[in-house]
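> Here you go, one structure.
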Amino acid sequence: MPVPAALVTCGPAYEPIDAVRCITNHSTGELGTMLSEALAAAGFAVTCLRGTMATHPAPVGVQVRSFHTNGSLIEILEGIEPPQVIFHAAALCDFTVVQDSLAAGKIRSDTPELRLVLKPAAKVLPLLRPLFPEAVIVGWKYEVDGSRQDAIERGRHQIAKCNTSACVVNGPAYGGGLGVLENDSVNHHATRPGLCAFLARWAAEQTA
């Protein structure tokens, strides 16, 4: 029986300001490492697409490929063999610097003032269903403002908008722990290891 393939994205993307500076998100890549290793232990052939600025050690026993920007991640996704299950946990950039604002070299540190013009960056999650129409796809929703119910509703909106299979919701709005949204259910997990163990079992059931 063929070994099912799982894909995990994790860690932060960045967008350049000049040749040496960038804007990015806070993300260590720890959750993606834990999830990749849990999936491998459950019998999946795992590919982890990991942001180059992730500080947590890379997962062991899986294939690891690096990405830099949202665009470079999209290029990798467009060229890989379709996996059976995808967990899109990477902390990608919501904004990119408008090209006219980018400096060709290094902006001098004695520049008295610098104004950057930002525009929305390319979104990856909405591209996953067209790229991988048969895959089980799980997105992430990190919410800061509002209540737990607000966070859950935004996660459900993400599922409907991006045609994903489930969504993991967390952040200050959700409160302690993480919730897995699937259909009308919310499966709560107090810890990251507990979440990763659950998702590995769930993925095995979905691909059996």
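The values are calculated or read from the model by the stated rules, or taken from the named source; none is laboratory data. Since the model is a prediction, treat every value here as computed from it, not as a measurement. Positions of Cβ are backbone-derived with ideal geometry, glycine not excepted, and every protein chain shown enters the neighbour counts. Accessible surface areas use protein heavy atoms only, side chains included; no ligands, DNA or RNA. Shrake-Rupley method; radii C 1.70, N 1.55, O 1.52, S 1.80 Å.
> Report the local net charge at residue 83: Lys and Arg +1, Asp and Glu -1, summed over other residues whose C-beta lies under 14 Å from its C-beta.
-1
> If amide H atoms are built 1.01 Å from N in the plane of the peptide, which residues on other chains or at least 5 residues away come under 5 Å of the amide H of residue 14?
It is 69, 70, by chain and number.
> Okay, moving on. For the chain, what is the calculated [θ] at 222 nm in deg cm²/dmol (nearest 500), taking -39500 (n - 2.57) for each run of four or more DSSP H residues and dividing by its residue count?
-8500 deg cm²/dmol
> For the range 1-153, which whole-number percentage of the solvent-accessible area (1.4 Å probe, protein heavy atoms only) is attributable to carbon and sulfur atoms?
Values: 4370 of 8140 Å².
Carbon-and-sulfur percentage of accessible area, whole number: 54.
> By the scheme Lys and Arg +1, Asp and Glu -1, what is the net charge of all other residues having a beta-carbon under 15 Å from that of residue 43?
-1
> While we're looking at this one, here's another question. Among 44, 151, 62, which residue has its Cα furthest toward the positive end of the charge dipole of the range 16-171, with +1 on Lys/Arg Cβ and -1 on Asp/Glu Cβ?
151
> Another question about this same structure. I want the local charge near residue 94. Using Cβ-Cβ distances under 15 Å, sum +1 for each Lys or Arg and -1 for each Asp or Glu among the other residues.
+1
> Shifting gears a bit: Per residue, how much accessible surface does the chain expose to a 1.4 Å probe? Answer in Å², no decimals.
Value for the chain: 52 Å² per residue.
> Sticking with this structure for a sec: Show me, for the range 168-177, the HN-Hα J-couplings you get by feeding each phi into the Karplus relation (A = 6.51, B = -1.76, C = 1.60, θ = phi - 60°), rounded to Hz, glycine and proline as x.
Computed from phi, the couplings for the range 168-177 are 9, 10, 7, x, x, 5, 6, x, x, x Hz.
> If I model a spin label as a point 7 Å beyond the Cα along the Cα-Cβ vector, how far apart are those points for residue 187 and residue 111 in nm?
4.8 nm
> For residue 96, which sequence-distant residues (separation of 5 or more, or a different chain) have an amide H within less than 5 Å of its own amide H, given hydrogens modelled in the peptide plane?
It is 119, 121, by chain and number.
> Report the antiparallel proportion of the DSSP beta bridges in the range 1-116 as a percent, rounded to a multiple of 5.
15 percent
> To continue, here is another question. Per-residue counts of other Cβ atoms within 10 Å, averaged by peptide: what ranking do you get for 145-154, 62-71, 28-37, highest first?
Order by mean packing, descending: 28-37, 62-71, 145-154.
> Where both residues lie in the chain, what percent of DSSP beta bridges are antiparallel, nearest 5?
Taking every DSSP beta bridge with both residues in the chain, the antiparallel ones total about 35 percent.
> Want the number for residue 134 to residue 163: 0.36 nm per residue separation, take away the alpha-carbon distance, what's left? Don't skip to the answer; put the middle values down first.
Working: separation 29, 0.36 × 29 = 10.44 nm, distance 1.14 nm.
This chain segment gains 9.3 nm when fully extended.
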